[in-house]
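What follows is calculated from the coordinates using simple rules that are stated; it is not laboratory data. Being a predicted model, the structure only gives us computed values, none of them experimental. Cβ placement follows ideal geometry from the backbone for every residue including glycine, while neighbour counts extend to all protein chains displayed.
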Amino acid sequence: MINDLQIYCKNTEEYIKIDGGDTLLEIFDTISARVPIKPICALVNNKVENLSYPVFGPKQVEYLDVNSKTGRSVYIRSLCMILYKAIHDLYPQKRLLVDLSIAGGYYCVFKHESDAPVNPQVVEAIKLRMKQIVEQDLKFVRRERLTADVVEMFRKQNMPDKVRLYESLGNLYTIYYKLGDIVDAYTGPLAPSTGCIPTFDLLPYKNGMLLLGPDRKHTDKVAQPQPQEKLFKALEEHVEFNKIINIADVGELNRAIRAKQTPMLINVAEALHNQMFAKIAADIAQRYKQGGARVVMIAGPSSSGKTTSAKRLSIQLITNYIIPKVISLDNYFVDRQHTPRDESGDYDYESLYALDLEQFNADLRDLLDGKEVPMPTYNFETGQREYKGNTLKLEHNNILLMEGIHGLNPDLTPQIDPAMKYLVYVSALTTLNIDDHNWISTRDNRLLRRIVRDFKYRGASARDTIARWPSVGRGEEKWIFPFQENADAMFNSSLLFELAVMKEYALPVLRQVPVSAPEYGEAYRLMRFLQYFESVAPEDVPHTSLLREFLGGSSFHY
């Protein structure tokens, strides 16, 4: 026992006396009457830890529940282990693959059986077993052993994906979790026990199952499935591509990198992008010849690669004898004093109504009618729209091309005939998994792109970018994601090799986030995540690659 030991609890804003070796859960029990949450994890010196974590020294502690982003991640990881145990109990010969984040949940299949739909009765049996496991309130037991021993456990449990991954990392020790008679490893902590994970559903979906966790706004209720047919199709095309080149997870990617196959992987992934751009351009050209598609709008969330996508699509359109004329939506911002404000009272530049919709639509109608139109320029220093004599007129074989977050929103161009519009949605739809039970978040991929780009080109630290990211996410949830299914085409801007390249750019920037900063926890998580990847030097990445928009060295002018 260590006497006179204290922690600082951010929930109660006070120092609390503890005994050395007390777990976070034991400490919480002493203050639970004053903290109106049911914690699922805690931040210890701004790093997320599970509640069985023993405290032996002075710490800053903040308890989190499922309403927090970190707490929700812990909940979903724990839910996945419950699903894995239920399948292991009922169908021990089958291998679970948590394949995609889609439709408001997580698409799961039986590995190597994805071509045959899962029987609905099987899904119902698995869900019933999951409920029984929750009712049993089994402990998620955190352990750490020599990696060689953990790998052998994975081998005996028929988990070759984890054997491949952890053998490739070279770590001496590995953290894993035990739930009853099974073991597994995850990218972060789990809940104390299965009884903490009561809210979920499991539904038949496509050829597999859709695992649903709590609703983000009402965590006592199950999230409802969202229709995302076009997004699912775009993701599935890349999943099939990954299967063909035999790289579906990070362990397989690391193996290919060590085998000096990186140039081939880069060339094949870039060729896939070229093929996708060519296909979209051909579709636009076909519609143009039929009298439509005079306005092409490219939309997508932050750091999805919209700017490079617009430039590469322009090249493909020219090969189809169509010359794009580019309009920047930013030039149609209203004068600053008329800009809407968000709930914090700050200017909300991501709002649709930060744009002068009336003038924008009037100019579009005149352009489509063949008129010469004065084009505005927005002065970001003065916050005023200016006219400097620039004009635009559509000639033979010209189309309008613009990119911006609101391109798929029908309220952007309500006065333009839908037949005249062609909508492209761009996002980094990551289809590479860490292993069968751990997926790579599309948001993490985009956040790492933005951290590298903002540091290199905008003078922003990783701390600055991480601090702004929740606000960016709220804007995307409101102004982008609800309209993504309106797209005529979806372009997946992710590249199979990109995180292996991004690693060496992002790690030095992330290491600059001070431990004392609230953003350190997210920076630390991203640094741990990047350690899964073997590094790839950027020299083999083509100068036309979409990845160059973030790394630098692009042959395009931005």
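Worth a mention:
- Antiparallel DSSP beta bridges within the chain, as percent of all bridges there, nearest 5: 70 percent
- Pairs of Cα atoms farther than 20 Å apart, segment 5-65, %: 9 percent
- Listed residue (SER554, PRO301, ALA462) projecting farthest to the positive dipole end of the chain, Cβ model: SER554
- The GluC sites (Glu not before Pro) of segment 380-431 that meet both conditions, a loop assignment by DSSP and at most 12 other Cβ atoms within 10 Å of the site Cβ, are GLU381, GLU395.
- In order along segment 360-371, the Karplus-derived 3J(HN,Hα) couplings, from 6.51 cos²θ - 1.76 cosθ + 1.60 at θ = phi - 60°, round to 4, 5, 4, 5, 4, 4, 5, 5, 5, 7, x, 7 Hz, and Gly and Pro are given as x.
- A compact globular protein would have a Cα radius of gyration near 2.2 N^0.38 Å; the ratio found for segment 83-191 is 1.13.
- Whether segment 157-294 is rounded, prolate or oblate, judged on the alpha carbon gyration tensor where a/c under 1.5 counts as rounded: oblate
- Under a model in which nothing but the beta-carbon of Lys, Arg (+1) and Asp, Glu (-1) is charged, segment 450-558 shows a dipole of about 440 debye around its Cα centre.
- Geometric descriptor of segment 290-423, per residue, is 118 Å³ (volume of the convex hull of the Cα atoms).
- Selection from TYR186, GLY213, MET153 lying farthest towards where the dipole of segment 147-243 points positive, charges on Cβ: GLY213
- Viscosity 1.002 mPa s, 20 °C: Kirkwood-radius Stokes-Einstein D of segment 430-502 over Cα pairs, µm²/s: 152 µm²/s
- Pairwise Cα inverse-distance average, inverted: Kirkwood Rh of segment 276-365 (Å): 15.2 Å
- Over segment 497-551, the pair-distance histogram of Cα-Cα distances with 5 Å bins from zero comes to 4, 20, 26, 19, 15, 10, 5, 1 percent, rounded to whole numbers.
- Paramagnetic reach from THR544 (point 7 Å along Cα→Cβ, amide N under 16 Å) across segment 278-317: 278-282, 308-317
- Cross-link pairs exceeding 27 Å between alpha carbons, from the set LYS38/LYS233; LYS206/LYS260; LYS69/LYS221: LYS38/LYS233; LYS206/LYS260.
- For the chain, the convex hull spanned by the alpha carbon atoms encloses 166 Å³ per residue.
- Here segment 5-65 is treated with +1 on each Lys and Arg Cβ and -1 on each Asp and Glu Cβ, and its dipole about the Cα centre works out to around 120 debye.
- Amide H within-cut-off set for LEU96, under 5 Å, with H built and near neighbours excluded: LYS111
- For segment 281-427, the antiparallel share of DSSP beta bridges with both residues in that region comes to about 40%.
- The chain, helix-only ellipticity at 222 nm - DSSP H runs n ≥ 4, -39,500 (n - 2.57), divided by all residues, nearest 500: -12000 deg cm²/dmol
- Sites excluded, trypsin sites (Lys or Arg not before Pro) in DSSP loops with at most 12 other C-beta within 10 Å, longest stretch of the chain: 1-216
- Between LYS325 and ILE399, LEU400, LEU401, the built amide H atoms are under 5 Å apart, and every one of these is 5 or more places off in sequence or on another chain.
- Options THR544, MET81, ILE399, ranked by Cα towards positive dipole end of the chain, top entry (Cβ charges): THR544
- Under the shape rule built on the C-alpha gyration tensor, where the axes satisfy a ≥ b ≥ c, segment 109-160 is oblate, since a/c reaches at least 1.5 while a/b does not exceed b/c.
- Summing Lys and Arg as +1 and Asp and Glu as -1 over all other residues whose Cβ lies under 9 Å from the Cβ of GLU519 gives a net charge of -1.
- Cα-centred dipole magnitude for the chain, charges only on beta-carbon of K, R (+1) and D, E (-1), debye, nearest 20: 800 debye
- Whole-Å distance, taken between Cα centres, linking segment 458-528 and segment 125-164: 30 Å
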